[in-house]
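Working notes, beginning with the structure itself.
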2 protein chains.
Amino acid sequence: MKAIAVYDDGDEPVLIEKPRPEPTAGEALVRTLRVGVDGTDHEVIAGGHGGSPADDDHLVLGHEAVGVIEDPNDTPFEVGDLVVPTVRRSPNGANEYFARGEPDMAPEGYYHERGIVGAHGFMAEYFTSPAECLIEVPPELAEWGFLVEPASITEKALDHAAASRSAFRWNPESALVLGNGSLGLLTVAMLDAEFERVYCLGRRERPDVTIDVIESLGATYVNSNETPVPAVPGAYEPMDFIYEATGYAPHAFETIEALAPNGVGALLGVPGDWEFEIDGGRLHREFVLHNKALVGSVNSGYHHFEAAVDRLGGLDGSFLEDLVTGVYGLDEFEAAFVDDDTTIKTAVEFAEYEER
Amino acid sequence: MKAIAVYDDGDEPVLIEKPRPEPTAGEALVRTLRVGVDGTDHEVIAGGHGGSPADDDHLVLGHEAVGVIEDPNDTPFEVGDLVVPTVRRSPNGANEYFARGEPDMAPEGYYHERGIVGAHGFMAEYFTSPAECLIEVPPELAEWGFLVEPASITEKALDHAAASRSAFRWNPESALVLGNGSLGLLTVAMLDAEFERVYCLGRRERPDVTIDVIESLGATYVNSNETPVPAVPGAYEPMDFIYEATGYAPHAFETIEALAPNGVGALLGVPGDWEFEIDGGRLHREFVLHNKALVGSVNSGYHHFEAAVDRLGGLDGSFLEDLVTGVYGLDEFEAAFVDDDTTIKTAVEFAEYEER
């Protein structure tokens, strides 16, 4: 079968031939439909995560997939069921985190991430997966199912942020998304139903496709060149919830200042080392006197995937059409890895969905 | 009646005469038994909070009180009931935060703090209070009732920290208290029942009374001169829960490094402005990849006072005897404000408790 991989000594995705995998006991065989591309894929290609399986010299890419069951192999699925795979896998048999559907909470050493570190991804015509790592998706989401994984990332961040505010009556109204990449824009759409007022901060100048998407959702674009994060409360309003999806380290700390009293910031970016100065005394005081919170959030649990399926089903089709700027077949897969100013979200298509 | 106050142009507590207050509708009159002294009182005396009532040139000190009902004044209390007052009062009639017993979540402008900012404290022979701001205490706690308020501060921090970890199965075992002041030591005792292993970090060298208290509780003393906060995971273990009660701003950020994966830090200190350098990229990444959380926590709600009453009742009497190094009558009240290396916790006694 065909697969898209990056070699340990390579710096670009290439099309390779691999044997079609055989499901072992408890695994189903899935025929891949579409696989999304995101910033993590670009980091993997650039060698930032560096995680081919131990006995291989290449890593099959892709962690945002949707496919159909080709061979249930005695799992509860039926041929033709539409499924989305979760990303983390237990490397040494089951562990407690996976057993309770919380692979996202497993510490280092307790997981591989398919397509990212230690295990091949889903950019292949077929993949196998333990049945409990496959989330069923309704046929209406066949085209957009590759967005379930990124949406699940946001479901987890919302879940953990709300939990952190559950010890008191929290009535949030305002939300700010830091970052107008594809995850930021998807999150703006997801927050629309939960907050009265949603803002999205980015560095782009008009005219710009991402600003168009933000405004078509009824959200407000904040140009960080004019209004840096600490100036947001004065220029707009203090924010009850902030979602950081930039990986720009100063944002993690500026978030404390931009929050309203009793607000919470969810951090999702993964920056490299970077030393800089902060007014730590003021930030510490702000944290305490105004009951603020920050939660770091990585990956997602099984119930976050399920919540993401429900949430995606409620999003406007025209928004999804705007968000996904390109879906490319294997004959032009390289185009899915181009990231220019007109690109928002792309996917590689391995097969078209055929309703049973 | 006699009261202990600090004048706006003064820098030490003085004994003054004031008229005995008259309870208005909904208020009870309380005869004060004991009032504790803490770091906030020292800051108030030094002018750090600066909050006499608008029409007064002095502030009666004290926010950690226990007393007996002298005149119920048609509230649900009876003469002789033992009570602890909460600290925050609504300055402009009721607001939603007070109405639901969460004055601690009220933003600036929605509260005064008795003995700290905007309203006289409890260091007087009598005080009045709305009945809903008085928490009933069993007679066994008459001597130690002035510890209910500081214990409620810790109850809130534990409540908010646990809430922040309630979106997944959290099984914390290790806890670190930063700071071996009276609140830190009280917290070490309170954490004993919740964590397998409790540590307390301070700057003191042996022999020292606070180290003796820590070790008598079965906890481990961490000398920050030998083991600064970022070195704690290597020298001891990564911590599931960290409670910061130092007001030393670098600790707020070092906490991120000392936490175990999925851990949470509660910040309670209130430092002044202080710029310093951090490796913000590394801390941001730590936050995200290991699902860490920080929650700021100030003041406490009514149910935190109630939880503190229960918790204090379960603490060992010999610990409380060790913690409270001095209780002084009005004839020697100045001694309660001395803070040297042999002082842990002090209180001023206005009257002795007489069981009905």
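The values are calculated or read from the model by the stated rules, or taken from the named source; none is laboratory data. Here the structure is a predicted model, which means the values were calculated and not measured. FYI the Cβ positions are ideal-geometry reconstructions off the backbone, even for glycines, and counts take in every protein chain you see. Protein only, heavy atoms only, side chains kept; ligands, DNA and RNA dropped before computing areas. Shrake-Rupley method; radii C 1.70, N 1.55, O 1.52, S 1.80 Å.
General remarks:
- Between identical copies, the spacing of A:Arg203 label points, each set 7 Å from Cα toward the C-beta atom, reads 4.0 nm from nearest to farthest.
- Within the protein assembly as shown, DSSP assigns beta bridges of which about 55% are antiparallel (rounded to the nearest 5).
- Accessible surface of the stretch B:153-296, 1.4 Å probe: 44 percent of it comes from carbon and sulfur atoms.
- Under 30 Å from B:Lys2, Cα to Cα: lysines that are on another chain or at least 8 residues apart: B:Lys18, B:Lys345
- Chain lengthening between B:Glu17 and B:Thr325 when straightened (0.36 nm per residue, less Cα-Cα): 108.1 nm
- Inter-copy label distances at B:Ala231, shortest first and taken from points set 7 Å along Cα to Cβ: 4.3 nm.
- Phi-based couplings in Hz for the stretch B:159-167 (Karplus 6.51, -1.76, 1.60; Gly and Pro marked x): 4, 5, 5, 5, 4, 5, 10, 8, 7
- B:Glu140-B:Glu215 FRET efficiency (beta carbon distance; Förster radius 25 Å; 0.05 resolution): 0.40
- For the stretch B:311-319, 3J(HN,Hα) per residue [Karplus equation, 6.51 cos²θ - 1.76 cosθ + 1.60, θ = phi - 60°, Hz, x = Gly/Pro]: 5, 4, x, x, 7, 5, x, 5, 5
- For the stretch B:254-264, backbone phi angles converted through the Karplus equation (6.51, -1.76, 1.60; θ = phi - 60°) give residue-by-residue couplings of 5, 3, 4, 6, 7, 6, 6, x, 6, x, 9 Hz, Gly and Pro being listed as x.
- Database remark: amide H of A:Ile344 closer than 5 angstrom to the amide H of A:Thr325 (H placed geometrically; neighbours at sequence offset of 5 or more, or on other chains; Pro and chain starts carry no H).
- Our helix-only sum for chain B, with -39,500 (n - 2.57) per DSSP H run of n ≥ 4 divided by its residues, gives a mean residue ellipticity at 222 nm of -7000 deg cm²/dmol.
- Local electrostatic count, A:Pro103, Cβ distance below 15 Å [Lys/Arg +1, Asp/Glu -1]: -4
- A 1.4 Å probe, protein heavy atoms only, puts the accessible area of A:Asp192 near 80 Å².
- At a probe radius of 1.4 angstrom, the accessible area of the protein assembly as shown per residue rounds to 38 square angstrom.
- Cut-off under 5 Å, modelled amide H: who pairs with A:Leu178 long-range: A:Leu201, A:Tyr243, A:Glu244, A:Ala245
- Charge-dipole axis of chain B as Lys and Arg at +1 and Asp and Glu at -1 on Cβ define it, positive-most pick from B:Val198, B:Gly329, B:Gly281: B:Gly281
- Residue order by solvent-accessible surface for A:Thr246, A:Thr346 is A:Thr246, A:Thr346, largest first, with ligands and nucleic acids left out and a 1.4 Å probe.
- On association of chains A and B, roughly 4700 Å² of accessible area becomes buried (total for both chains; probe 1.4 Å).
- In percent, rounded to a whole number, the relative contact order of the stretch A:153-296 is 24, using alpha-carbon pairs under 8 Å and six or more apart.
- Under 5 Å from the amide H of B:His63 lie the amide H atoms of B:Phe122, each residue being 5 or more positions distant or on a separate chain, with H modelled from the backbone and absent for Pro and chain starts.
- Closest approach of a chain B beta carbon to the axis mapping chain B onto chain A (residue, whole Å): B:Ser164, 2.
- Using a 7 Å Cα-to-Cβ projection, B:Pro138 label spacings across copies, nm, ascending: 5.5
- Lysines with Cα under 28 Å of B:Lys292, excluding same-chain neighbours fewer than 8 positions away: A:Lys156, A:Lys292, B:Lys156
- Taking all protein chains together, A:Trp170, A:Trp144 sort by accessible area into A:Trp170, A:Trp144, largest first [probe 1.4 Å].
- For the stretch A:110-161 versus the stretch A:276-295, the gap between their alpha-carbon centres in whole angstrom: 35 Å
- Note that the protein assembly as shown shows a convex hull volume over its alpha carbon atoms of 170 Å³ per residue.
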